[in-house]
1. Taking a threshold of 32 Å on the Cα-Cα distance, which of the pairs Lys101/Lys531; Lys113/Lys336; Lys485/Lys551; Lys497/Lys542 fall above it?
2. For segment 238-313, restrict the atom set to alpha-carbon positions and state the Rg and Dmax in Å.
3. Which helices count as membrane-span-like in the chain under these terms: full DSSP H, at least 15 Å along the axis by C-alpha, Kyte-Doolittle mean of -1.0 or more?
4. Check each of the GluC sites (Glu not before Pro) in segment 314-403 and keep only those in coil by DSSP with at most 12 other C-beta atoms within 10 angstrom; list them in order.
5. Could you tell me which residue out of Ala53, Ile34, Leu3 lies farthest along the dipole of segment 1-77 toward its positive end? Charges go on the beta carbon: Lys and Arg +1, Asp and Glu -1, centred on the Cα centre.
6. On average over all directions, what projected area in square nanometres does segment 1-104 have, based on the convex hull of its Cα atoms?
7. Taking square-rooted eigenvalues a ≥ b ≥ c of the alpha carbon gyration tensor, is segment 340-407 rounded, prolate or oblate, where a/c under 1.5 means rounded and, failing that, a/b exceeding b/c means prolate?
8. In square nanometres, what is one fourth of the surface area of the convex hull spanned by the alpha carbons of segment 390-472?
Amino acid sequence: MFLIRWLWKNMEGSRRVYILGLLCTLVSQSMFIISPRIAGIITDTFIINENAAQNLETKPMLLVWLLVAMVGFTMIRAAIVYGSSMCYERASQSMIYNIRKVVFHNIEVQDAKFYDYYRTGDIMTRVSGDLDMVRHSVAWIIKTVLECFVMLTASIVFFFTMDWLMALCLISVTPIILIVAYHFQKAVAPKFEDKREKLSDLNTAAEENISGNRVVKAFAREDYETKKFDKLSQKFRDSSKDAAFTWYKYYPFEETAAQGLTVVMLVCGGLFVIFGRITFGDYMAFSGLVWTMSNPMRQLGTIINDWQSFTASAQKIIEIYYGKPRIITREDAVDKPERFEGKVEFDNVSLNLGGKQVLNNVSFTVNPGETVAIMGETGSGKTLLTELIPRIYDVSSGEVRVDGTNVRMLKLQQLRHNIGMATQDVFLYSDTIDGNIAYGDSDCSEEQVVNSAKLADADGFIRKLSDGYDTIVGERGVGLSGGQKQRISLARALNVKPSILILDDTTSALDLETEKHIQDSLKNLDYSCTKIIVAQRISTTKFADKIIVMKDGSIIEQGTHEELIRKNGYYKEVYDLQK
C-alpha cells in the first residue's frame with residue numbers, strides 16, 4: 001500500500017484525469033457482458049426457438065435493433081477504451097515528471113558521501129529504466145489489474161443472475177489459479193531484484209568505459225574491457241532468463257486451470273441444456289463470456305512479473321526520492337547576504353571517513369587577503385582539508401570557521417557563493433568555453449568572462465580556437481590539453497569573484513612561464529580574496545604568506561618559505577629536489 005500511496009502523491013495535478021481513466025475502464029470492462037447476452041437473446045428468439053421463423057416475420061425490427069445494439073455497444077466500448085488509454089498516458093507522464101524532478105533535485109543536493117557510495121551507472125539506471133518501469137506500472141499494470149478484476153466480477157455476477165449452479169461450476173477452478181499465483185509470486189520476487197542489480201552493474205561498466213575510453217585506448221585494453229563487459233552482459237542475460245523461465249515452470253498449471261473453464265463449460269453447460277436447466281441461448285451467453293474468466297487468469301502471471309519488476313525499480317527510486325543529505329542549511333543558520341571578508345580558521349579539526357581517521361587535530365588561521373599554500377605527500381589529506389571549507393564534507397570534531405562563524409551555522413548557498421574552487425580533477429561541461437567560464441554566474445557580462453580568462457592566462461589560446469569563446473568543448477573537456485582545461489577551470493573559479501579561492505593542484509599541468517603569469521594575476525586581483533592553494537611545486541608555494549606541510553592527516557610544518565627552509569624538514573627536502 002505504501003507504493004500505491006507514493007504513486008498517488010506524485011500524481012498531483014493529474015489525479016482527476018487518472019480517476020476518469022479508471023472509471024472508463026470500469027465502464028468498458030462491464031460492457032463485455034452486453035454483447036454475449038444480446039447474442040443469447042437472438043439465439044433463443046430467432047434461431048432455436050420453435051417459433052423462430054414466425055418471430056423473424058413478425059419481429060424483424062427487434063432483430064435489427066438487437067444487431068444494431070451489439071455493433072453500437074462495441075463501438076462505444078472502443079471509444080471509451082481509447083479515452084481511458086489517453087487518460088492513463090497523460091496521468092502517468094505527469095506523475096513520472098513529478099518523480100523525476102524530485103529525484104534529480106535530491107541527487108543534486110546530496111553530499112559527497114552519497115557519490116562515494118552510489119555508482120554513476122547505478123544512478124543512471126534509477127533515473128532512466130527504473131523510472132520508466134514506474135510509469136509502466138501506472139499506465140498498464142494498475143489498469144490491467146482493474147480490467148481483470150472488473151471483467152471477472154461482472155462475469156461472475158452475470159453468471160449468478162442466469163444460473164447459480166452453472167456459475168459455481170465455473171468458479172470452482174479459481175482456487176487452483178490463486179494457489180499457483182501465490183507460489184509463483186514468492187519464487188519470482190528475488191529473481192527480479194537480482195535482475196535489477198545485474199542491470200545496474202552492466203550500466204556502470206558501460207558508463208565507466210565510455211568516460212574512460214582514452215585510458216582504455218592508451219593501454220590497449222579494448223579486448224580486455226570487451227570481455228569484461230561480455231561477462232557482465234552474460235550475467236544480466238542469465239538473470240533475465242532465470243526470471244522469465246520461472247514463469248514457465250508455473251505456466252502449464254495456470255494454463256491448464258484456465259482451459260479447465262472451457263471443459264467445465266462444455267460438460268456442465270451441455271448437461272444443463274440437455275436436462276432443460278438452461279436454454280441454448282443461455283449456454284451461448286455462458287460460452288461467449290467464459291473467456292472473461294479465463295483471460296484474467298492467464299494474465300495473472302504477466303501481471304505478477306511486471307509488478308515484481310515495478311517493486312524492484314520503485315524501491316531503488318524511493319531510496320533517492322526520500323534520501324536526505326546530511327550537509328544542509330540549519331533552520332537557525334546565520335544570514336550573511338553581504339560579501340564575506342574571507343578569514344578562515346581551523347580549530348582542532350578532525351575528520352573520519354569510512355571508519356578511517358584522515359585528519360587529526362588540524363589548526364591554523366588564514367587572514368583576509370592572505371595566500372596559504374598546502375603541501376604534503378599523496379594521501380596526506382590536503383584536498384579533504386580544503387573541502388571542509390565549503391562543506392563538501394563536515395568535520396567529525398573541531399570547527400571550521402569563516403569570518404568567525406562556524407561554517408555549519410552559515411547558509412550553504414551564501415557560503416558556497418563566496419568560494420571559488422578549481423579542483424584537481426577538472427570537469428568541463430559539453431558547452432561553449434564562454435558557458436563553462438560563466439558557469440558560476442550565468443548573468444555575468446562577456447567582458448567579465450574575457451577578463452577572468454586573461455587572469456587565468458587562457459584568453460590567448462581561446463582566441464586561437466576555431467570559434468573562440470563560442471567553441472564547443474567535448475564532454476569533460478575532450479579536445480583540450482590538460483593545461484588548457486586547468487586554465488579554463490581557474491577562470492571559472494575567478495569569474496565569481498570569490499572571497500575565498502581554493503586551488504587544488506590547479507597549475508600542475510602548466511609550464512613555469514604560464515604559472516608565473518597566473519601567480520602575478522592572483523597577486524593583483526581588483527578585489528579582496530583569500531587564497532588557499534594545494535601544490536607540490538616550490539615555485540607555487542614560496543610566495544605564499546604561509547605554507548602548511550601535512551603528513552598522515554596532521555600538520556607537521558608551518559611557516560613562510562624562508563622559515564621552512566631553515567627547519568630542514570620535509571619542505572627543505574622537496575626544495576632541494578626541485579632546485
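Bear in mind these aren't lab numbers, they're just calculated from the coordinates by the rules spelled out. What you are looking at is a predicted structure, and each value in this text was computed from that prediction instead of being measured. Please note: Cβ atoms are built from the backbone with ideal geometry, for glycine as well, and neighbour counts cover all protein chains shown.
1. Lys101/Lys531
2. Cα radius of gyration and Dmax of segment 238-313 are 17.5, 56 Å respectively.
3. Working: long enough: 15-30 (22 Å, 0.88); 34-46 (18 Å, 0.80); 60-109 (74 Å, 0.85); 142-162 (30 Å, 1.82); 174-211 (54 Å, -0.26); 222-274 (75 Å, -0.28); 291-321 (43 Å, -0.19); 482-495 (20 Å, -0.66); 512-523 (16 Å, -1.20).
Both cut-offs are met by 15-30, 34-46, 60-109, 142-162, 174-211, 222-274, 291-321, 482-495.
4. Filter output for segment 314-403: Glu331, Glu338.
5. Leu3
6. Working: hull surface 33.9 nm².
Here the figure is 8.5 nm², rounded to one decimal.
7. oblate
8. Details: hull surface 28.6 nm².
The directionally averaged projection comes out at 7.2 nm².
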